Amino acid sequence: MPAESSGAFAPGRVNLIGEHTDYNDGLALPFAIAEGITVRARANGAQQMRVQAADLGESDEFALADPPPAQGWRAFVHGAVAELARASFPLVGADVSIGGDLPRGSGLSSSAALEVALCLALIALGAEQPLAAREPALDRTELARLCSRVENDWVGAHTGLLDQLACLYGSPDTALCIDFRSLSVQEVPLVLGDWRLVVLDSGERHAHASSGYNQRRAECARACELLGVSSLRDADAQAAARLPEPLRRRAAHVIGENARVRAAVAALRSGDLAALGGLLDASHASLRDDYEVSTAAVERTVGRLRDAGAVGARIVGGGFGGIVLGLFAPGGHPPVGAREVRPSAGAHLIDS
Ligand code: GLA
């Protein structure tokens, strides 16, 4: 008997370091945060999906079989239903409500949180046995791939797997060293003690489908073609230094960023948070100058964090706006408006 109702929570994420490396078979070091998206679903006995986006005061309704393409937040719901059906998850018509405390388009990965929460709640609702009993069978990496197809094929943003894996594998006091070549996820203790990680909003909103994000991906693909490699993970630094501009700078960022992730893992393992601060600054400089995904508003935000005494600060996520991450030593005073972020639990089912 499928359940009558289900609920799922999926967190946002902050990427500590390793930006624009996921779609280049590289390395990243994200963690899940406490804020996220909650989806509740109740079987409605019909072959219809009826959906309420509580924070937007908007709704949607469509037939369970063969959801049509849609725009905005509706594209995520239609895509989740369609991709789950394609992957042979049993689904039932449902009344679905979406809520949460994760600001959209801010670089905290509201998109992945929405995809993951929707998928978990809908899988749990349609499952013949309670999902808890089937959890071992639920391959989180496969689910991350499915969610990323929702974003790629239904929303039109060619994002990598960073956000979905961070959301699904997050754990308290833990960062995740993800190798996007093997898709291995290694837990690295992120014990902050009296240090604080904060995010400060640049006030500029981004949408991956329309920002320069897809263009950056295309530039990396072109750099690979010219270098004769299948991904920038295999790029030789000397050969990459001879690429035409701006591809030379794009490749330099990716090669340097992978090295910074390795250095950050070593810094965390030895409890050297000051060293982590230097790596955050170096990552930001590379994203600003070589990858060119910063904006004037983001630079002002980085400046505010540095003026307040941050030992490191950098733009987070796809870029072109969104949030900036800052690291403060014990006793530091983050600027007004900064929000503390803590490594927290990954996506999970909740009581419905
Ligand atoms: C966005 C995408 C991720 C990743 C980052 C940049 O958050 O969704 O897949 O590419 O940008 O590191």
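List of remarks:
- In nm, spacing of pseudo-spin labels at residue 340 and residue 173 (7 Å Cα→C-beta vector): 1.5
- Within the full protein context, the accessible area of residue 270 is estimated at about 90 Å² for a probe radius of 1.4 Å.
- Accessible area (Å², 1.4 Å probe, nearest 10) - residue 233: 60
- For the range 111-242, with +1 on Lys and Arg beta carbons and -1 on Asp and Glu, the positive-most of 121, 171, 182 along the dipole: 182
- Among 98, 17, 178: highest mean-square fluctuation, GNM of the chain, C-alpha pairs under 10 Å: 98
- For residue 320, solvent-accessible area (1.4 Å; no DNA, RNA or ligand), Å²: 50
- Angle between the chain longest axis and helix 140-149 axis [Cα atoms, degrees, rounded to 10]: 90
- Computed magnitude of the charge dipole of the range 142-241 (debye, nearest 20; Cβ of K, R +1, Cβ of D, E -1): 220
- Cα gyration tensor category, rounded, prolate or oblate, for the range 151-309 with a/c compared to 1.5: rounded
- Computed from point charges on the beta carbon alone (+1 for Lys and Arg, -1 for Asp and Glu), the dipole magnitude for the range 19-77 about its Cα centre is near 380 Debye.
- Measuring r between the beta carbons of residue 230 and residue 88 and using R0 = 25 Å, the FRET efficiency lands at 0.25.
- Cβ-defined net charge surrounding residue 107, 13 Å radius [Lys, Arg +1; Asp, Glu -1]: 0
- Separation of alpha-carbon centers, the range 164-184 and the range 306-346, rounded to whole Å: 20
- Length added when fully stretched, residue 70-residue 221, from 0.36 nm per residue minus Cα-Cα: 51.5 nm
- Ranking 341, 155 from most to least accessible surface, computed with a 1.4 Å probe over the protein chains only, gives 155, 341.
- Across the range 195-277, Cα pairs under 8 Å and at least six residues apart give a relative contact order of 19 percent.
- Dipole-positive endmost among 15, 106, 96 within the range 1-111 (Cβ charges, Cα centre): 96
- Counted residue by residue at 0.36 nm each, then reduced by the alpha carbon distance between them, the extension gain from residue 34 to residue 47 reaches 1.3 nm.
- Cβ-based charge dipole, the range 248-303, positive-most Cα from 259, 287, 277: 259
- 245, 225, 83, 299, ranked by accessible area, largest first (probe 1.4 Å): 225, 245, 299, 83
- Residue 237 versus residue 184: modelled label distance in nm, points set 7 Å from Cα along the beta carbon direction: 2.2
- The dipole here belongs to the range 1-157: it is taken about the Cα centre, uses +1 on the Cβ of Lys and Arg and -1 on the Cβ of Asp and Glu, and is about 160 debye.
The values are calculated or read from the model by the stated rules, or taken from the named source; none is laboratory data. This structure is a prediction, so every number in the text was calculated from the model and none was measured. Counting neighbours? That spans all protein chains shown, and the Cβs are built from the backbone with ideal geometry, glycine included. Just so you know, the surface numbers come from the protein's heavy atoms only, side chains and all, with ligands and any DNA or RNA stripped out. Shrake-Rupley method; radii C 1.70, N 1.55, O 1.52, S 1.80 Å.
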